[in-house]
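Working notes, beginning with the structure itself.
The values are calculated or read from the model by the stated rules, or taken from the named source; none is laboratory data. The structure displayed is predicted, hence computed values, not measured ones. Every residue, glycine as well, gets a Cβ built from its backbone with ideal geometry; the counts of neighbours run over all protein chains shown.
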Amino acid sequence: MKTSMKLFSLAATALISVSAFAQEGEPWIHDPSNIMECDGKYYTFGTGGGGLISEDGYNWFSGAVRPGGGAAPDALKIGDRYLIAYSATGGGLGGGHAGRVLTMWNKTLDPNSPDFAYTEPIEVAASLNDEDCDAIDAGLFLDPTTGRLWCTYGTYFGFIRVVELDPKTGAKVGDAQDPNIAIDCEATTIIYRNGWYYLLGTHGTCCDGVNSTYNIVCGRSRNVTGPYLDNMGRDMVAGGGKMVVDGEDRQFGAGHFGLYNEDEGVQKFSFHWEADLDRSARSVLAIRPLVWVNDWPVVGQQFTAGTYEVSSVRRGYALELAVDFVRQNIARAGGFGGFGRSAEPQPNVVHPNQTLEEVVATWPEGDVAARVGDWMNRPHQRWTFTVVPEAGGYVGGQYYKVQIEGTERTLSATADNDVVVSAAYNGGDEQLWRVEQAVDGTYRIMPKSNPGYVLASVADSTPSLVKWDADSDNCKWTFNKK
């Protein structure tokens, strides 16, 4: 810690909301660790000791407990225990570069549990006042291919280094000099995907509120110890780094990347905004989808309320209410049935889209089936997503009711893993839906009542609920805001 898109054609930029990216409740934190799940609750630790707890992954409040104080902790679950790494000093704090990185264990993160007890901290890295590295900003990484445990550390005041730790004890392995892997960044961590190791680091200035220029960059390597090169082939040890996320319209200073694996094919990441203008310009926790483009991490789009065309990736057909198609009585101008030229010049006429009032009387009463079909921008194809705050949330998002625009007709899940459009909204879990962006930029739509199941186009015209399959286009949807 230093004291001093168009993303896809699949996802419209209208999905962004200027205040959607920080979490609700009291998410005040700086330098958040990875988000950890423990006994049904979510935890993240921050600089200065303590941290946040959430019952649902969206509404966050203070209450996490971490001894030792210091700066920029990280957390990782290994087996049935939690490893915590934190920095005692460093980062130029107090005018010096001397610092220490320490690790400790706990069986649980719940401070009210009888098993809650941290082990004595172990020093795993250190730096001196005149050293070209500050031992601060620990980032833990358990290599899924080898089972080896690593910790990155360092700040702008010198090099970023990586040290190997024993995954059973949390202590340093051997006594070799820790290699330098980057410079001009801090708050680093390593993640792995498709044979590549990615070094995520925070670039820019911090701790200056709305004037903080913090942003998250990355490079990648085939080896955990580097070299880490960015998309232009620049080595991070020479100052390279590809942008992952920077400031938004009203939030500034994105820092301290933490990976959260929600499910196969669905990843998210936590970080802080140094200042959120919608929350008294405080430093707050934020969670965003993680998307991969050409094997590079990209910040995803947070889904927000609105009216949408909802289309299946399977073929491109749109989700709709299964009602009779009502033709519009609009004659085509021009000769030869509208294909040719008129004998006389004719003024241009702008015709309206079909309205709900024109067709709603033709729809049957009661529950109606859902289907998918050709998009025609008709009333039975326009879906309004409305946040239901009292329904709680999940990591990074809230639940929505999904209704035909201008009506009470509500998309509902059934106990038989089917879908129907109910005549009215009743507030039940079967009518609450979570919308999450997958790593390929598409979305999955999940009912709260049927855990593990998602809305799917099981055939070209038939929507249903199936187990989530990250490799199946049946399970994936795109949104166009209307």
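For the stretch 103-132, the candidate set comprises residues that are surrounded by fewer than 24 Cβ atoms within 10 Å (Cβ to Cβ) and touching a His at 6+ places or on another chain (Cβ under 8 Å); within that set, the residue that is modelled with the highest pLDDT is L128. For the stretch 455-480, the set of residues classified as touching a Lys or Arg at 6+ places or on another chain (Cβ under 9 Å), modelled with pLDDT of 95 or more and closer than 20 Å to L321 by Cβ consists of L455, A456, S457, P463, W477, listed by residue number. Scanning the stretch 27-56 for residues that are of a type outside the set (K, R) and more than 27 Å from G209 (Cβ to Cβ) gives M36, E37, C38, D39, G40, E55, D56. Only one residue in T146, T103, T155 is part of a strand (DSSP E or B) and out of contact with any Ser or Thr (no Cβ under 8 Å at 6 or more places or on another chain). Which one? Going through T146, T103, T155 in turn, the sole match is T103. Restricting the stretch 232-265 to residues that are surrounded by fewer than 22 Cβ atoms within 10 Å (Cβ to Cβ) and hydrophobic (A, V, I, L, M, F, W, C), the residue that is nearest to the chain's Cα centre (by Cα) is L259.
Which of (1) modelled with pLDDT of 95 or more; (2) within 21 Å of the chain's Cα centre (by Cα); (3) part of a strand (DSSP E or B) does A72 not meet, given it meets every other one? It fails just one condition, (1). Figure legend. Inter-residue proximity from the stretch 226-239: first residues under 16 Å from G158 (Cβ atoms), second residues surrounded by 18 or more Cβ atoms within 10 Å (Cβ to Cβ) and of a type in the set (S, T, N, Q), beta-carbon distance below 8 Å, spacing 6+ or different chains. Indicated pairs: V237/N180. Of all residues in the stretch 44-54, at least one satisfies being of a type in the set (A, V, I, L, M), at negative phi and not in a loop (DSSP other than H, G, I, E, B).
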